[in-house]
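Peer 1: Let me begin by handing over the structure; questions about it come next.
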Amino acid sequence: MCKLVIIDDNPTDHYIMQRLLHNNYNCEQATYTYDGRLVLDFLEQNKETGALPDVIFLDLDMPELTGWEFLDELETFNRQSKKTVQVHIMSSSIRSADVFHSKKYACVNSFMTKPLSRDEINKICEQAGPGRRDVA
């Protein structure tokens, strides 16, 4: 069962994700936030515990800390952490430059266009569950 964090500045997208995750037995816990800085602070404070999320769903276009800035800091965190947190970008953007740019980040597993489907989320949750390899 995986632990998810959804970082998005749009409350409607939070609601959609909540509905898509309803009764998802592969998802142990889902946390929703509008502020990527809170997630980075949480990761840093809990890097030695089992509290880290398995997956982060990340919006790119946010007002305070953009998704790109979040990814820059997460890459640094992942290099220093025993557990690699994977990211799935969820964006309303269909710019090919965004997709291309996202590939430079080792932590980015996919780039998906909103709205996501229940099948996409189920597959990600299932793959991020027990048995997933982490950095030793």
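The values are calculated or read from the model by the stated rules, or taken from the named source; none is laboratory data. The structure displayed is predicted, hence computed values, not measured ones. Cβ atoms come from the backbone with ideal geometry, glycine included; neighbour counts cover every protein chain shown. Ligands, DNA and RNA are excluded from the accessible area calculation, which covers all protein heavy atoms including side chains. Shrake-Rupley method; radii C 1.70, N 1.55, O 1.52, S 1.80 Å.
Peer 1: Considering only residues that are at pLDDT below 95, out of contact with any strand residue (DSSP E or B) (no Cβ under 9 Å at 6 or more places or on another chain) and among the basic types (Lys, Arg), which ones fall in the stretch 1-58?
Peer 2: Answer for the stretch 1-58, where residues must be at pLDDT below 95, out of contact with any strand residue (DSSP E or B) (no Cβ under 9 Å at 6 or more places or on another chain) and among the basic types (Lys, Arg): 19, 47.
Peer 1: Something else: Quick check: anything in the stretch 61-80 over 21 Å from residue 101 (Cβ atoms) and in a helix (DSSP H, G or I)?
Peer 2: Within the stretch 61-80 (the criterion being over 21 Å from residue 101 (Cβ atoms) and in a helix (DSSP H, G or I)), the answer is yes, since at least one residue qualifies.
Peer 1: Follow-up question, since we're still on this one. Quick one: how many residues across the stretch 23-49 are surrounded by fewer than 19 Cβ atoms within 10 Å (Cβ to Cβ) and under 21 Å from residue 69 (Cβ atoms)?
Peer 2: So the answer is 14.
Peer 1: Specify which of the listed residues (74, 52, 20) is open to solvent by less than 60 Å² (accessible area, probe 1.4 Å), more than 22 Å from residue 126 (Cβ to Cβ) and touching a residue at least 24 places away in the same chain (Cβ under 8 Å).
Peer 2: Every option except 74 fails the conditions.
Peer 1: Can I ask one more? Tally up the residues in the stretch 23-48 that are touching a residue at least 40 places away in the same chain (Cβ under 8 Å), part of a strand (DSSP E or B) and either closer than 20 Å to residue 72 by Cβ or among the charged types (D, E, K, R) (or both), please.
Peer 2: Summing the residues that are touching a residue at least 40 places away in the same chain (Cβ under 8 Å), part of a strand (DSSP E or B) and either closer than 20 Å to residue 72 by Cβ or among the charged types (D, E, K, R) (or both) in the stretch 23-48 gives 0.
Peer 1: If you take the residues in the stretch 89-123 that are of a type in the set (S, T, N, Q), part of a helix (DSSP H, G or I) and open to solvent by 30 Å² or more (accessible area, probe 1.4 Å), which one is modelled with the highest pLDDT?
Peer 2: Selected residue: 96.
Peer 1: Here are some conditions: (1) within 14 Å of the chain's Cα centre (by Cα); (2) closer than 22 Å to residue 21 by Cβ. Residue 71 meets all but one. Which one does it not meet?
Peer 2: It is condition (2) that residue 71 fails.
Peer 1: Name the residues in the stretch 77-88 that are open to solvent by 90 Å² or more (accessible area, probe 1.4 Å) and touching a helix residue (DSSP H, G or I) at 6+ places or on another chain (Cβ under 7 Å), would you?
Peer 2: Result: no residue meets the conditions.
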